[in-house]
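In what follows, a structure is listed as structure tokens, so that the remarks can point back to it.
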Amino acid sequence: MIFGHIGKFQQEKGLFPAALQKGLEYLAKTDFSKVAAGKYEIAGSDIYAAVSDYTTDLKENKKLEAHVKYIDIQYIISGAEVIGFDVLTDALAVKEDKLAEKDVIFYQAVPNETELRLTAGMYAIFFPWDVHRPGCAAGAPGPVRKVVVKVRMDALK
């Protein structure tokens, strides 16, 4: 997991592989006040973005998830949310496996979940070895505008 603020992207750009740079550049250069909720291709199916508007919820109502084919760059446009995360291990109990149809697998619980609070301009990058619980309320449930950039793992090569 990598955590950062888009305002520091130019200083940190060289630390990222080209495919992650492309996703982060999209976040840095796009005026999301003019972008409707929906899916947007950045580099075909290798890199794309999903813009959404929703209300965060209590942690116990949100699912722990992981992906195999794609990396998530979760970026907050407005509002605040907490994302729980931990290292994915073979010991975690699977709740629901939707890898074949949606590249997502849900887990029951993790032993050492850490909470990361994201506000406008912040992003977190989750790799296939990271289990994460997005969309949790930062205090009381509230509105969030968010972009999740999906970067195909194969695009890192």
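Every number here is computed from the coordinates shown, using simple stated rules; none is lab data. Please read these numbers as outputs of a predicted model, since none were measured by experiment. When we count neighbours, we look across all protein chains shown, and the Cβ atoms used for this are built from the backbone with ideal geometry, even at glycine.
Which whole-number percent gives the relative contact order of the chain, counting Cα pairs below 8 Å spaced six or more residues apart?
Details: 347 pairs, mean separation 59.2, N = 157.
Contact order relative to length: 38 percent.
Counting Lys +1, Arg +1, Asp -1, Glu -1, what net charge surrounds residue 95 among other residues with beta carbon under 11 Å of its beta carbon? Intermediate values should be presented prior to the final figure.
On the way: positive: 63, 98; negative: 65, 96, 97.
Result for the neighbourhood of residue 95: -1.
Could you list which residues have their amide H under 5 Å from that of residue 16, counting only those 5 or more apart in sequence or on another chain, with H placed in the peptide plane?
Distant-sequence amide H within range of residue 16: zero hits.
Have a look at 141, 111, 128 and tell me which one the Gaussian network model of the chain (Cα, springs below 10 Å) gives the largest fluctuation.
111
Which part of region 1-44 falls in the paramagnetic zone of residue 129, meaning amide N under 18 Å from the point 7 Å along Cα-to-beta-carbon?
Backbone N within reach: 1-3, 16-17, 20.
Tabulate in residue order the Karplus-calculated ³J(HN,Hα) for region 29-40, using 6.51 cos²θ - 1.76 cosθ + 1.60 with θ = phi - 60°, rounded to whole Hz; enter x for Gly and Pro.
9, 8, 8, 6, 6, 10, 10, 6, 4, x, 9, 9
Cβ under 14 Å from residue 129's Cβ, residue 129 left aside: what net charge do those residues give with Lys, Arg +1 and Asp, Glu -1? Write down the numbers at each step before the final one.
Numbers: positive: 69; negative: 65, 72, 86, 90, 130.
That works out to -4.
Where does the chain land on the Kirkwood hydrodynamic radius, alpha-carbon pairs, in angstrom?
On the way: mean 1/r = 0.0631 Å⁻¹.
Result for the chain, one decimal place: 15.8 Å.
Could you tell me the center-to-center distance, by alpha carbons, between region 68-82 and region 85-137 in angstrom?
About 11 Å separates the Cα centre of region 68-82 from the one of region 85-137.
Report the residue, chosen from 147, 35, 82, that carries the largest GNM mean-square fluctuation when the chain is represented by alpha-carbon nodes joined by springs under 10 Å.
For the chain, modelled as a Gaussian network with Cα springs under 10 Å, the answer is 35.
Put a dot 7 Å past each Cα toward the Cβ at residue 40 and residue 93; how far apart are the dots in nm?
Modelled inter-label distance: 4.1 nm.
Could you run the Karplus curve 6.51 cos²θ - 1.76 cosθ + 1.60 with θ = phi - 60° over region 141-157 and give me ³J(HN,Hα) per residue in whole Hz, x for Gly and Pro?
Taking θ as phi minus 60°, the curve returns x, x, x, 9, 10, 9, 10, 10, 8, 9, 10, 4, 3, 4, 6, 6, 6 Hz for region 141-157.
I want to verify a result. In a Gaussian network model of the chain, Cα cutoff 10 Å, which of these has the top mean-square fluctuation: 49, 91, 137?
Comparing 49, 91, 137 in a Gaussian network model of the chain, the most mobile one is 91.
Using Cβ contacts closer than 10 Å as the measure, can you line up 152, 133, 117 from fewest to most? Write out the running numbers ahead of the final one.
Details: 152 18, 133 23, 117 13.
With the fewest neighbours first, 152, 133, 117 line up as 117, 152, 133.
Can you list the chymotrypsin sites (Phe, Trp or Tyr not before Pro) in region 92-152 that are in a DSSP coil and have 12 or fewer other beta carbons within 10 angstrom? Walk me through the intermediate numbers first.
Numbers: sites: 106, 107, 123, 126, 129; in loops: 129.
Taking region 92-152 and a limit of 12 other Cβ atoms within 10 Å, the loop chymotrypsin sites (Phe, Trp or Tyr not before Pro) found are 129.
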